[in-house]
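Have a look at the structure below, then the notes.
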Amino acid sequence: MRLRLILLVISLIAVMSASIGGALYYRSLKQTAVKEAEQRSIDRVETIQRNLSFFLSENIRPARAMAGIEAFKMALDRQTERRMQAANAMLDHFRTALGVEVCYLIDRSGNTIASSNRDDPDSFVGENFHFRPYVRLALAGRAATYLAVGATSGRRGVYSSHPVPVKDQTDPGGIVVIKASIERIENQFHLERSERMLVASPRGIVFISSREEWRYGALSRLSEADADYITASKQFASGPWQPIGLAFNADNRAVDGNGNRYLYHRRELENFPGWHVVYLQDLDAISKQMSQPLIHITKEIIFALCFLVGVGVAFLYGKANIEIRRREEAESALRASEERYRSIYHNAPAMLHSVNTEGRLVRVSDHWLHMLGYEREAVIGLKLSDFLSRKSARHMEETVMPQFLKTGSCHDVPYRYVRKNQDVVDTLLSAVAERDAAGRIIRSLAVSVDVTDRRRAEEDLKEAKEALSRYSRELERQVRVRTKEIASILKYTPDVVYIKDAQGRYLTVNRRFEELFGGGVEDIRGKTADQFMKPVLARQFQESDARVLSEKREVRVENQIPHPDGLHTYLSVKFPIWDDGGRITGVGGISTDITAVKKAQEQLRRLSGSIMADQEQERRAIARELHDELGQMLTALRMEAVWIRNRLKDSDPGVATRASDLCGLIDKTIGDVRSIAIRLRPGILDDLGLVDALEWYTDDFEKRTGITCIFEHRNVASVDAAVATTAYRIVQEALTNVARHADARNVDVVLKADDGRLDLTVTDDGCGFDFDAISEGDGLGLAGMRERAALVGGRAAVRSMPGEGVQVLFELTLSREL
């Protein structure tokens, strides 16, 4: 009877506990579901904010690109039929390429002079938009973005404007504008039925919304001043802007006019100050998502609970006995585990120790004693800093130990131990704290990894890199010195300057012209070249002047002009002279005596050839040293690390893992050294020749960049070292440019020898470039290829047009090279 009562009481307690537990579980589940929904809402609103900011700002860069197009500048300068046709064609192209609603051009008065919708009923041409903020900002020299309803079209859009600069003027000549449809942007967002989204202006007008009835509504009732401001701005049509009925609470909850409750979050839009996106999620939908699976689970839980209560009471006493036996077994296993821990601690081949809160040693492993050469009795109770170098001891006491007592751990602390025989051991120490029942730190458990050999290898590698860097700087210094010397020679060369009218009559000449051809300026003015020059020289001058007048651009020619000491070579730069009406009224010319420069160029070519030969020789030597010396040293170091890893993988997995990480670091260093050696001078070029070297390099280029690279060769036997080096470096520079600038998918490298000629071409299908627009700094690689080709008696050329890829050619007439 007493046993039945006890079992009944236990059963009732179990049922009550299960009921209370179920209620608490439901409450906890509900709180968790709401928190998860809040977090999902935050993630969702941030995603929508980023996407909206991107879509609304995606035309800023295209607008900046349009502002630099010459057709728009010319149309703003003077509105001729031809210029307006070119501007309209360019606007049509940008509207189609960007997929926007309209692109248009506005002059500095705010009038639209060209538009891609010029033929539509709601054409912008002739409309004045100076009242729009984006127009006023762009005319003031600042790019702008703006959200508004079109004053002409009545459709919502995002406007991106940019000033169009005019040469020799500080103020813009006009602006370009891109209008993108808001409807297209709204279609990009696919919301669930329980989700709502809206975008509101700084004064609370809903401009973008997933619910059509909310558009052009107000988040709250507008003041009279705000309503007047919005009406005057014409930004959101003509109103009225009635409240949409949403009430926002302080706990991120909102209620609409129908009583629907929402969880909401809002975020500011980038590039649109004061504009914000509001994301709302239906709270009733969240509750349904939580309650439906809970009801399904609860039925099974109730049945299982009733069954378990009956079975549990029957076996209550038996379970108690089983638990007692398991506890005894667990205590026995714990004692055995402690014994194994002590064995591993003392026999592991790693430096293990423990210190108390005063930094004194309370336990050390046998390997620790072996590494430092001490007996256990001689070290226990002493401070760990007594076995460190002075610098490491000070670092431990002032920095590491105070931080360890605060955080309870430290990782990879560099220490230098001093052995009993005064040798130094470099280590990395990591430690964790042991705590008492109250959570106070009582001692540490630390492991020290010997990194002496690795640190020496790192120092050797650092010295090698520094030596290579010093050598490279010295080579650069020598080149700069030679360049300055040549520049000084050219700086003070006297020039011949003159101006002619369109009929070839001289209007003015300088003193050097008078000295060269005789007579004063009054004697020469009004005459043509054939009246005082030799016929051959006069004909050369007149032919180059005619080219300037016909081509309407500058022309560079070389003339041979007699001097008392023989013929001198002059480089003449002739250019058209324009009047205010855009007509050519004459020709100007500057002729520079480049006889000395020609000689200096020949000397520079020889010097450059010598420097390049020395560079190749030094690269070959450095590559050999890196491969043979440093490579062998790193390989030996890796073998030692592998031995340590294999030796410790069973006894001390932690140290074995560190050894494996060391192997990975050494492998990466070996790969870096090998890559440096190959880039300095590929051995295959010296050992197997040009064809095999190019085959290897193109395959390696394809693997590194993912760009398809096909190498073809025909009738190429062997070439001498100088030609092979030149061809290899030209291919190397050309493929480097492809990887950096071309945005290409395919490259073809063709090497062939026919009829005593060696031809090399590198052709890509990339974006190409305009030679006239390339800067001097950007063309240094092309100049280097031409210089290398000239040094071996060949010619290098580059052909390219925007959008048509690039072709690099190297041609060489062979004598006995093949």
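The values are calculated or read from the model by the stated rules, or taken from the named source; none is laboratory data. Just so you know, these numbers come straight off a predicted model, no measurement behind them. Note that we place each Cβ from the backbone using ideal geometry, even for glycine, and neighbour counts take in every protein chain shown. When the accessible area is computed, the model is the full protein with side chains, heavy atoms only, and any ligands, DNA or RNA have been set aside. Shrake-Rupley method; radii C 1.70, N 1.55, O 1.52, S 1.80 Å.
Across the stretch 84-91, in residue order, what do the Karplus-derived ³J(HN,Hα) couplings come to in whole Hz, using 6.51 cos²θ - 1.76 cosθ + 1.60 with θ = phi - 60° and x for Gly and Pro?
My calculation for the stretch 84-91 gives 5, 4, 5, 5, 5, 4, 5, 5 Hz in order.
Roughly how many Å² is the accessible area per residue of the stretch 500-582, as a whole number, for a 1.4 Å probe? If you can, show how the numbers build up before the last one.
Values: 4880 Å² over 83 residues.
I get 59 Å² per residue for this part.
What list of whole percents do you get for P(r) of the stretch 46-199, with Cα-Cα distances grouped in 5 Å bins up to the one holding the largest distance?
Final binned percentages: 2, 10, 19, 23, 19, 12, 7, 4, 2, 1, 0, 0.
Which parts of the stretch 243-257 would a label at residue 227 reach, counting a residue when its backbone N lies under 15 Å from a point 7 Å out along Cα-to-Cβ?
Under 15 Å, as judged by backbone N against the label point of residue 227, lie 243-244 of the stretch 243-257.
Given a cut-off of under 8 Å on Cα pairs at least six residues apart, what relative contact order in percent is computed for the stretch 125-178? Provide the component values of the computation, followed by the final result.
Numbers: 88 pairs, mean separation 16.0, N = 54.
Reported as a whole number, the value is 30 percent.
Scan the stretch 171-220 for trypsin sites (Lys or Arg not before Pro) in coil per DSSP, keeping those whose Cβ has at most 12 other Cβ atoms within 10 Å, and list them by number. It would help to have the intermediate numbers written out before the result.
Numbers: sites: 179, 184, 193, 196, 203, 211, 215; in loops: 193, 203, 211, 215.
Filter output for the stretch 171-220: 193.
Can you give the accessible area per residue of the stretch 175-268, in Å², using a 1.4 Å probe? Let's see the in-between values first.
Numbers: 4830 Å² over 94 residues.
Here the per-residue accessible area is 51 Å².
Go through the stretch 730-747 residue by residue and turn each phi into a ³J(HN,Hα) via Karplus (6.51, -1.76, 1.60, θ = phi - 60°); whole Hz please, and just put x for glycine and proline.
Karplus-based 3J(HN,Hα) across the stretch 730-747 equals 5, 4, 4, 5, 5, 5, 4, 5, 4, 5, 7, 10, 7, 6, 9, 10, 9, 9 Hz.
Which order do the peptides 724-736, 535-547 come out in when sorted by mean C-beta neighbours inside 10 angstrom, highest first?
Values: 724-736: 21.8, 535-547: 15.7.
Ranked from most to least packed, the peptides come out as 724-736, 535-547.
Starting from the Cα of residue 715, step 7 Å toward the Cβ, then list every residue of the stretch 727-770 with an amide N under 14 Å from that point.
So the set is 751-760.
Taking a probe of 1.4 angstrom, what is the accessible area of residue 269 in Å², to the nearest 10?
Surface accessible to solvent at residue 269 totals approximately 10 Å².
Ignoring ligands, DNA and RNA, please state the percent of accessible area on the stretch 96-147 from carbon and sulfur, probe 1.4 Å. Walk me through the numbers on the way to the answer.
Numbers: 1040 of 2240 Å².
Looking at the stretch 96-147 in its full context, I get 47 percent from C and S.
Explain nothing, just compute: Karplus ³J(HN,Hα) = 6.51 cos²θ - 1.76 cosθ + 1.60, θ = phi - 60°, for every residue of the stretch 541-553 in order, whole Hz, x for Gly and Pro.
After applying 6.51 cos²θ - 1.76 cosθ + 1.60, I find 5, 5, 5, 5, 5, 5, 4, 4, 5, 7, 8, 6, 8 Hz.
Do the alpha carbons of any pairs in 420/668; 73/179; 167/574 sit beyond 31 Å of each other, and which pairs? Please list the in-between numbers first.
Working: 420/668 36 Å; 73/179 20 Å; 167/574 23 Å.
In this structure, 420/668 lie more than 31 Å apart at Cα.
Scan around residue 527 for amide H atoms under 5 Å from its own, H built in the peptide plane at 1.01 Å from N, and keep only partners 5 or more places away or cross-chain.
506
Given H placed on each backbone N at 1.01 Å, which residues far from residue 765 in sequence or on other chains put an amide H within less than 5 Å of it?
It is 745, 746, by chain and number.
Rounded to two decimals, what is the ratio between the C-alpha radius of gyration of the stretch 126-242 and 2.2 N^0.38 Å?
Numbers: Rg = 16.4 Å, N = 117, 2.2 N^0.38 = 13.4 Å.
Scaled against compact globular proteins, the figure is 1.22.
Enter the accessible area of residue 413 (Å², nearest 10), with the probe set to 1.4 Å and all protein chains included.
10
Given a 1.4 angstrom probe, what's the average accessible area per residue across the stretch 48-137, in square angstrom? Spell out each step's value before the answer.
Values: 4500 Å² over 90 residues.
Spelled out: the 1.4 Å probe surface of the stretch 48-137, per residue, equals 50 Å².
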